[in-house]
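The values are calculated or read from the model by the stated rules, or taken from the named source; none is laboratory data. Values in this document were obtained by computation on a predicted structure and should not be read as measured data. Cβ: placed from backbone, ideal geometry, glycine included. Neighbour counts: every protein chain shown. Surface areas here come from the heavy atoms of the whole protein model, side chains and all, with no ligands, DNA or RNA. Shrake-Rupley method; radii C 1.70, N 1.55, O 1.52, S 1.80 Å.
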Amino acid sequence: MVLFSAVLPPAAVVETLTAEVAGLPRLDGVRWSSPENWHVTLGFYGEDDAAARADWLRPRLAGMPAPRIWLEGAGTFTRVLYLGVYGEGITELALAAGAGEEGRAYLPHLTLARTRERVPAELERRLSGYRSEMWTAAEAVLMRSQRSADGVRYVVVERFPLSQQAR
């Protein structure tokens with residue numbers, strides 16, 4: 001199964017972001033991610049054993065401070081529209097979870113849509129002023145990607161509480 005670790009946005013952030021995305025034009029070739037799948041990836045592991053990966057993550061995340069983060073501004077990879085993730089502690093948490101071990105620099109983001117071609121500039125422009133409320137990510141999660149006829153769904157495999165001690 002395909003595994004990754006992540007932090008999940010709280011319901012209030014999902015609600016306001018859902019309203020923001022609902023106001024955007026529906027353009028051909030743009031596949032919007034379901035709000036139930038929204039997450040900030042920490043580490044991507046690919047095909048892996050869930051129990052073994054959880055055992056590997058547990059000591060790496062134990063005692064890690066809970067990051068205080070927010071979503072702000074839009075960006076694009078070649079065929080991905082995303083919101084940036086800013087704040088304290090997200091990069092440190094991601095590095096502990098294995099980000100960067102696949103040879104790419106870590107860029108905290110939340111994927112909103114994927115496209116067949118380049119992301120339409122209008123979508124990036126319309127989301128460029130978005131900013132969510134700040135939240136404390138109280139836990140990291142290990143997730144698996146589950147494919148079905150309806151698309152991809154992400155399922156939490158295990159939860160890892162993060163330290164609420166003051167930084």
Requested in this report: Choose one of VAL13, PRO67, ALA51: the residue whose Cα lies farthest towards the positive end of the charge dipole of region 1-76 (beta-carbon charges +1 Lys, Arg; -1 Asp, Glu; about the Cα centre).
Outcome: PRO67
Query raised in the report: THR76 to GLU47: extension gain in nm, 0.36 nm per residue of separation minus the Cα-Cα distance?
Result: 7.9 nm
Query raised in the report: Once fully extended, how much extra length lies between VAL157 and ALA19, figured as 0.36 nm per residue of separation less the alpha-carbon to alpha-carbon distance?
Result: 46.8 nm
Query raised in the report: When the helix-only estimate is applied to the chain (DSSP H runs of n ≥ 4, each -39,500 (n - 2.57), divided by the residue count), what is the mean residue ellipticity at 222 nm, nearest 500 deg cm²/dmol?
Result: -6500 deg cm²/dmol
Report task. Working from Cα positions, state the angle (0 to 90°, nearest 10) between the long axis of helix 11-22 and the longest principal axis of the chain. Result -> 20 degrees
Query raised in the report: Can you list the GluC sites (Glu not before Pro) in region 116-167 that are in a DSSP coil and have 13 or fewer other beta carbons within 10 angstrom?
Result: GLU117, GLU133
Query raised in the report: Bin by bin, in steps of 5 Å, what percent of the Cα pairs in region 12-87 do you find, going until the bin that has the longest distance?
Result: 3, 9, 17, 21, 16, 15, 11, 5, 2, 0
Query raised in the report: What trypsin sites (Lys or Arg not before Pro) does region 1-62 have in DSSP loop regions with at most 14 other beta carbons within 10 Å?
Result: ARG26
Report summary line: The long-range amide H neighbours of VAL30, using H built 1.01 Å from N in the peptide plane and a cut-off of under 5 Å, are none
Requested in this report: Calculate how steeply helix 50-61 sits against the longest principal axis of the alpha-carbon atoms of the chain, using the helix alpha-carbon long axis, and give the answer as 0 to 90 degrees to the nearest 10.
Outcome: 80 degrees
Report summary line: Under a 1.4 Å probe, counting only protein heavy atoms, THR76 has an accessible area in Å², nearest 10, of 50 Å²
Report task. Calculate the tail of P(r) for region 75-167: the fraction of all Cα-Cα distances greater than 21 Å, expressed in %. Result -> 49 percent
Query raised in the report: Roughly speaking, what is the centre-to-centre gap between region 151-166 and region 8-85 when only Cα atoms are used, to the nearest Å?
Result: 11 Å
**Report entry** Amide H within-cut-off set for SER163, under 5 Å, with H built and near neighbours excluded
**Finding:** GLY63, MET64, ALA66
Report task. Only residues of region 1-45 count here: report those whose backbone N is under 14 Å from the spot 7 Å along Cα→Cβ of SER148, or say none. Result -> 34, 36-37
Report summary line: Here the averaged projected area of the chain, based on the convex hull of its alpha-carbon atoms and given in nm², is 9.7 nm²
Query raised in the report: ³J(HN,Hα) across region 151-165 via Karplus (A = 6.51, B = -1.76, C = 1.60, θ = phi - 60°), whole Hz, x for Gly/Pro?
Result: x, 9, 10, 9, 10, 6, 9, 8, 10, 10, x, 10, 5, 9, 5
Report task. Return the distance in nm (one decimal) between the two label points of a simple spin-label model at GLU133 and ARG26, each offset 7 Å from Cα along Cα→Cβ. Result -> 2.9 nm
Query - Unit charges at the beta carbon, dipole of the chain: most positive-side option, ALA96, TRP135, LEU83 - result: LEU83
**Report entry** Size of charge dipole - region 26-82 - debye, nearest 20, with Cβ of Lys, Arg +1 and Asp, Glu -1, no other charges
**Finding:** 200 debye
Query raised in the report: Which value, in debye to the nearest 20, gives the size of the charge dipole of the chain about its Cα centre, when Lys and Arg are +1 and Asp and Glu are -1 at the Cβ?
Result: 240 debye
Report summary line: Heavy-atom accessible area of the chain with neighbours in place, 1.4 angstrom probe: carbon+sulfur share in percent works out to 49 percent
